[in-house]
Amino acid sequence: MIDNQRLPQHIAIIMDGNGRWAQARGMVRSKGHQAGVEAVDRITSECSRMGIRFLTLYTFSTENWNRPPEEVNAIMQLLITSLVEETFMKNNVRMRVIGDRERLAPEVRKCIEDCEDHTSANTGLTLVIALSYSSRWEITDAMKRIAQKVKDGTLEPEDINEQTVAENLESHFMPDPELLIRTGGEQRISNYLLWQCAYSELYFTDIFWPDFDEKALYNAIEDYQHRERRFGKTSAQVKADTERK
Ligand code: IPE
Ligand code: IPE
Ligand code: MG
């Protein structure tokens, strides 16, 4: 059973296994991405209904640009057709994209910019799409911004702290995820939210992303709720802290 009082406020997901899901059914990989969109709709709606504040979905990585051009094109086309504003408006979802937009085709860029603009005043779930994203790219980009501020004389090197780094990340508007889920059986981070996941609870499942459903999400949240998050302290300290609350 899930304790609704102790839900993570931010869940990040590495949606992996679309290609293998399709291949296991004798279909082309792009069919797997199509089926993956349905899982996105399902999980976004459910997180929204549960009152989760942020959901960050790894949709396309910097490294994914190295896939065959047909697959990249199919994913980009799918993105344009699946970012349906009406669904976001209906569910009060605010949509944001993080990632290197300069590499995106103009029509993809326009589509996400419109969607971000039109949903910006929504007050429910914030759905963050990591697109053309990698964490090393994001951190490097933050370093450039910080260096520029130092060069402009608005920031002293000795004043740089963890908060400065966090504030200069493109994803500065979101809290760190408490829970990171990876579907598809691999147990790696694949250049996702390296800074933000410093203390996230990691949950790996063999389920391919297109099969990931509400029940699988509850299992992940339930597992998370059984973890003891110590943040470097001892178990006794954590228990004493909880009792004091
Ligand atoms: C995840 O599924 C989606 C993207 C990376 C775009 P994959 O396409 O990586 O599927 P597998 O891992 O090959 O099965
Ligand atoms: C990670 O999946 C990226 C996304 C889910 C968008 P990959 O399938 O690209 O990861 P690797 O290459 O197996 O690590
Ligand atoms: Mg994969």
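The values are calculated or read from the model by the stated rules, or taken from the named source; none is laboratory data. Here the structure is a predicted model, which is why all the values come from computation and not from measurement. Cβ coordinates were reconstructed from backbone atoms using ideal geometry, including for glycine residues, and neighbour counts include every protein chain displayed. Ligands, DNA and RNA are excluded from the accessible area calculation, which covers all protein heavy atoms including side chains. Shrake-Rupley method; radii C 1.70, N 1.55, O 1.52, S 1.80 Å.
Work out the FRET efficiency for Asp213 and Glu116 from their Cβ-Cβ distance, taking R0 = 30 Å, and round it to the nearest 0.05.
0.60
Just add up the charged neighbours of Glu178: K/R +1, D/E -1, any other residue whose Cβ is under 14 Å from the Cβ of Glu178.
So the environment of Glu178 carries a net charge of -1.
Taking amide hydrogens as modeled 1.01 Å from N in the peptide plane, which residues meet the under 5 Å criterion relative to Ile189, leaving out close sequence neighbours?
Close amide H contacts, sequence-distant or interchain: none at all.
Give me Rg/Rg_expected for the stretch 85-127, where Rg uses Cα atoms only and Rg_expected = 2.2 N^0.38 Å with N residues.
1.17
Leaving out ligands and nucleic acids, note down the accessible area per residue over the stretch 1-101 with a 1.4 angstrom probe, in whole Å².
That works out to 49 Å² for each residue.
Assuming 0.36 nm per residue, please report the length gained on full extension of the stretch Asp141 to Arg42 beyond their Cα-Cα distance.
The span from Asp141 to Arg42 would gain 32.4 nm if fully extended.
Extension gain Arg103-Ala24, at 0.36 nm per residue separation less the Cα-Cα distance, in nm?
Here the answer is 25.3 nm.
For a protection proxy built on the mean count of beta-carbon atoms within 10 angstrom, sort 178-191, 136-149 highest first, please.
Final packing ranking: 178-191, 136-149.
For the chain, which semi-axes, largest first and in whole Å, follow from the square roots of 5 times the eigenvalues of its Cα gyration tensor?
So the equivalent ellipsoid measures 28, 26, 18 Å along its semi-axes.
Bin width 10 Å, origin at 0, all Cα-Cα pairs of the stretch 112-212: what percent of pairs per bin?
Result, from short to long distances: 12, 35, 34, 16, 3, 0 percent.
What's the ranking of 107-113, 55-61 by average number of surrounding C-beta atoms within 10 Å, highest first?
Per-residue Cβ counts within 10 Å, averaged per peptide and sorted highest first, yield 55-61, 107-113.
Limiting things to C-alpha atoms, what are the Rg and the maximum Cα-Cα separation (Dmax) for the stretch 1-118, in angstroms?
15.3, 46
Taking all protein chains in place and a 1.4 Å probe, what share, in percent, of the accessible surface of the stretch 155-235 do carbon and sulfur account for?
Result for the stretch 155-235: 47 percent of the exposed heavy-atom area is carbon or sulfur.
Please compute the modelled spin-label separation between Thr234 and Arg53, points set 7 Å along Cα→Cβ, answer in nm with one decimal.
Spacing of the two 7 Å Cα→Cβ label points: 3.2 nm.
Residue separation times 0.36 nm, minus the C-alpha to C-alpha distance between Glu222 and Gln187: what's the value?
10.7 nm
Given points 7 Å out from each Cα along the Cα-Cβ axis, report the Ala166 to Glu243 separation in nanometres with one decimal.
2.9
Can you pull the one-decimal nm distance between simple spin-label points at Asn92 and Arg67, each 7 Å off the Cα toward Cβ?
For the pair Asn92/Arg67, the computed spacing is 3.4 nm.
So which of Lys149/Lys233; Lys215/Lys239; Lys90/Lys215; Lys90/Lys245 end up more than 28 Å apart, counting from Cα to Cα?
Pairs exceeding 28 Å: Lys149/Lys233; Lys215/Lys239; Lys90/Lys245.
Remind me, relative contact order of the chain in percent, using alpha carbon pairs under 8 angstrom and six or more residues apart?
Over the chain, the number comes to 28 percent.
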